[in-house]
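Chemist: I have a structure here, written as structure tokens, and I will follow up with some questions on it.
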Amino acid sequence: MKYTYKHTLKACYFGYITQAIVNNLAPILFIIFQNQFQISLEMLGRLILINFATQIVVDILTVKYVDRMGYRKATVIAHICCALGLISLGVLPKVLPYPYIGLMIAVVLYAIGGGIIEVLVSPIVEFLPGDEKASAMSLLHSFYCWGQVGVVLISTLLLKLIGGDLWFVLPILWALIPLYNVTRFLKVPIIEPHEEEKSMSVKELLSTKGFVIALLLMLAAGASELTMSQWSSLFAEQGLQVPKVMGDLLGPCLFAVLMGAGRMIYGIWGSKINLNRALLGSGILCILCYVVTVFATNPFVSLLGCAVCGLSVSLMWPGTFSLTASTYPRGGTAMFGILAVFGDIGAAVGPWMAGVVSDVVGLGLKAGLLAAAIFPILLVIGTIRLKK
């Protein structure tokens with residue numbers, strides 16, 4: 001069988017589905033971890049922090065060493081780490097004397113893979129032949145959303161069928177996807193960046209005010225998206241007293257559906273949309289969604305605010321990637337890596353901060369989500385500054 005760039009693109013799609021699995025499976029199991037292992041909200045938030053903090057470190061190391069290793073070898077290693085981490089998530093907490101240690105080891109393992117995937121998949125697609133790069137990037141990122149939908153929907157229904165006591169089967173089954181994608185990335189054609197096309201250095205990028213603002217946007221985008229998606233399942237069950245299946249389907253699942261729909265819409269009609277205005281509108285809508293989720297007295301209206309938040313954040317991450325890539329065409333792997341680092345900083349700090357406010361400060365999860373509304377506010381301010 002002869003592999004073409006279409007197969008490369010499909011492998012990248014599965015790469016983002018893998019990323020969605022490692023970022024969104026554990027939060028669905030939070031309520032089970034809390035009940036079976038007596039883990040506090042702060043400790044659950046710490047797992048999210050460990051995940052994205054590890055990805056930040058890996059992002060930086062990938063930027064530094066990927067040119068020596070090559071894109072193919074790095075992406076293969078990434079998917080192997082994701083598979084090992086997911087298998088460990090199902091095995092280690094059951095066999096180690098301290099289950100939380102097992103959870104942390106598993107999170108670190110799959111976060112290593114997730115960090116490499118995040119840095120490399122976008123430039124692999126960016127270097128493929130063809131025009132409409134912004135639309136292709138948004139379509140690529142939409143597969144993260146469809147992966148999230150699949151993780152939430154399938155995991156929730158399977159838990160309902162097999163029961164919470166058999167939760168450890170889920171991560172082992174999900175590990176099959178990164179294992180499958182290992183076989184894809186071993187064979188598909190990949191365009192490595194050409195040495196003669198010298199990329200901008202990290203120092204050059206950081207010396208421009210526009211790029212610094214783009215980093216602020218990435219941090220705000222990561223925090224706005226992940227805080228709501230990571231906590232929505234637990235918030236629906238504990239904060240709104242909604243049954244788990246209904247809460248997961250109307251909360252994190254619908255969140256992911258609307259986020260994917262938003263990215264697909266931009267992927268199809270992106271060339272006709274003003275990206276600055278779209279980002280500004282996204283930030284304002286996101287603020288409103290956080291406020292509705294926290295203050296709505298009707299639990300279904302609150303879940304609706306959570307779900308529509310998915311649409312509001314849909315453009316933030318890929319939009320900032322595309323805007324920066326078009327502004328700095330010589331940004332190269334370093335540019336994508338630094339953007340991913342700041343996105344992961346937001347993805348780590350936002351959910352953890354919500355957990356701290358909720359648990360340590362003792363104000364409840366509603367207060368934690370309200371505190372996280374500062375991030376879409378920062379995105380609105382940054383977008384206005386970027387336009388000026």
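The values are calculated or read from the model by the stated rules, or taken from the named source; none is laboratory data. On a predicted model such as this, the values are computed, not experimentally measured, just so you know. Here the Cβ positions follow ideal geometry from the backbone for every residue, glycine too, while neighbour counts run over all protein chains shown. Areas reflect the complete protein model, heavy atoms only, side chains present, ligands, DNA and RNA absent. Shrake-Rupley method; radii C 1.70, N 1.55, O 1.52, S 1.80 Å.
Chemist: Consider T54 carefully, then state whether it is open to solvent by 10 Å² or more (accessible area, probe 1.4 Å), assigned to a helix (DSSP H, G or I), modelled with pLDDT of 90 or more and within 20 Å of W317 (Cβ to Cβ).
Modeler: Yes: the conditions hold for T54.
Chemist: Of the residues in segment 3-25, how many are open to solvent by 10 Å² or more (accessible area, probe 1.4 Å), within 30 Å of L44 (Cα to Cα), among the hydrophobic types (A, V, I, L, M, F, W, C) and out of contact with any Gly (no Cβ under 6 Å at 6 or more places or on another chain)?
Modeler: Result for segment 3-25: 1.
Chemist: Residue pairs, Cβ under 9 Å, 6 or more apart or interchain, first in segment 75-103 and within 30 Å of V188 (Cα to Cα), second open to solvent by 60 Å² or more (accessible area, probe 1.4 Å) and not hydrophobic (A, V, I, L, M, F, W, C). List them.
Modeler: Pairs found: H79/Y180.
Chemist: Can you tell me which of (1) open to solvent by less than 10 Å² (accessible area, probe 1.4 Å); (2) closer than 30 Å to T333 by Cα; (3) among the small types (G, A, S) is the one G102 doesn't meet?
Modeler: Just one mismatch for G102, condition (2).
Chemist: Could you tell me whether G260 is modelled with pLDDT of 85 or more, farther than 25 Å from A334 by Cβ and within 22 Å of the chain's Cα centre (by Cα)?
Modeler: yes
Chemist: Given (1) modelled with pLDDT of 85 or more; (2) within 17 Å of the chain's Cα centre (by Cα), identify the lone condition not met by L173.
Modeler: So the condition that L173 fails would be (2).
Chemist: If we scan segment 327-338, do we find a residue that is open to solvent by 30 Å² or more (accessible area, probe 1.4 Å) and within 15 Å of T227 (Cβ to Cβ)?
Modeler: no
Chemist: Tell me which of these I39 doesn't satisfy, since it passes every other one: (1) open to solvent by 40 Å² or more (accessible area, probe 1.4 Å); (2) not hydroxyl-bearing (S, T, Y); (3) not in a helix (DSSP H, G or I).
Modeler: Unmet condition: (1).
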